Amino acid sequence: MKDEEAEKGKKPQIENETGDVIEFIPLEKEEKIEESGVGITPKIISSRNKIKEKSEERGSLLSDEKKSENEPEPEEAKFKEASEEAGRLKSRLHKKEVEIKALRKERDEWKDKYLRALAEMDNARKRLEREREEFTRFALSDFLRELLLVVDNLERALASRDEANGRLFQEGVVMIYRQLIDLLRKLGVKPLEREDKKFDPNVHQALLTEEAEGIEEPEVAEYLQKGYWLHDRLLRPALVKVLVPKKNP
């Protein structure tokens with residue numbers, strides 16, 4: 001009996017599409033509400049407002065869930081960032097390896113060129129030393145060939161010394177001397193000759209000195225050995241006897 005009364009006192013309910021429960025007011029109560037001047041419309045509007053609020057809350061929760069699904073978790077974001085950084089570092093490392101490989105290749109090329117140039121310089125140095133040695137040994141070949149002609153004439157003169165008289169022998173020696181002087185001139189050698197008697201220490205070498213009166217500066221009194229020029233350079237200074245002013249007692 002109590003259950004029947006409870007069922008009678010229970011308000012009829014219905015769920016809408018969103019799952020909200022709507023209560024219906026019995027007719028008797030509706031009449032009472034109408035008698036009291038209040039209609040059923042406010043009750044329905046209030047229920048609609050509650051349904052709208054719940055729908056908005058549920059939509060907000062769903063949007064929050066979608067956002068949380070789209071946003072990566074902190075650990076996943078860190079892992080993704082670390083992976084990207086590792087990729088960048090790997091790319092930079094690859095570029096550096098390529099650069100190092102190119103530099104090593106260039107280094108090897110320059111090293112090979114340096115070694116080749118060093119070997120060529122060493123070969124050139126050895127060749128120049130060999131040529132200089134050969135030039136030093138055979139540079140006087142032409143001069144010696146000419147000088148041998150003079151030696152031949154001297155040998156002939158000495159061989160005929162006993163057969164010829166003194167005058168003919170002297171003339172032969174003079175001819176050989178002139179031949180030798182001509183050979184020296186041909187090679188750029190000429191005797192040192194000065195018209196004045198002034199002593200020049202640049203071309204004269206004093207072998208003897210003697211005091212004399214009536215002179216104010218050193219003078220060449222006698223040539224003891226001739227000097228010679230080789231082109232414009234002094235080949236040998238002349239050995240001379242020099243007169244110097246007499247010192248006062």
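The values are calculated or read from the model by the stated rules, or taken from the named source; none is laboratory data. In this text, all values refer to a predicted model and were calculated from it rather than measured experimentally. Every residue, glycine among them, receives a Cβ derived from its backbone with ideal geometry; neighbour counts consider all protein chains shown.
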Checklist outcome for this item: Among residues of the stretch 170-209 being of a type in the set (Asp, Glu) and at pLDDT 90 or above, the residue nearest to the chain's Cα centre (by Cα) is Asp200
Checklist entry - For the stretch 140-169, what are the residues that are assigned to a loop (DSSP other than H, G, I, E, B) and over 60 Å from the mean Cα position of the chain (by Cα)? => result Ser160, Arg161, Asp162, Glu163, Ala164, Asn165
Checklist entry - When you scan the stretch 183-249 for strands (runs of 3 or more DSSP E) that lie fully inside it, which ones turn up with 2 or more residues that are farther than 30 Å from Asp142 by Cβ and not hydroxyl-bearing (Ser, Thr, Tyr)? => result 204-212, 219-225, 238-245
Item to check | Unique match (being in contact with a helix residue (DSSP H, G or I) (Cβ under 8 Å, 6 or more places away or on another chain) and of a type in the set (Ser, Thr, Tyr)) among Ser91, Ser141, Ser160 | outcome: Ser160
Next on the checklist: Being among the aliphatic types (A, V, I, L, M) and either touching a helix residue (DSSP H, G or I) at 6+ places or on another chain (Cβ under 9 Å) or at positive phi (or both) is the filter here; which residues of the stretch 220-240 pass it?
Outcome noted: none
Next on the checklist: List the residue pairs whose Cβ atoms are under 6 Å apart, where the first residue sits in the stretch 161-183 and is within 28 Å of Leu144 (Cβ to Cβ), the second is of a type in the set (S, T, N, Q), and the two are 6 or more positions apart or on different chains.
Outcome noted: Ile176/Asn153
Next on the checklist: Report every pair of residues separated by at least 6 positions or lying on different chains whose Cβ atoms are under 7 Å apart, first residue within the stretch 189-206 and within 17 Å of Glu217 (Cβ to Cβ), second exposed (fewer than 14 other Cβ atoms within 10 Å of the Cβ).
Outcome noted: Val203/Leu234
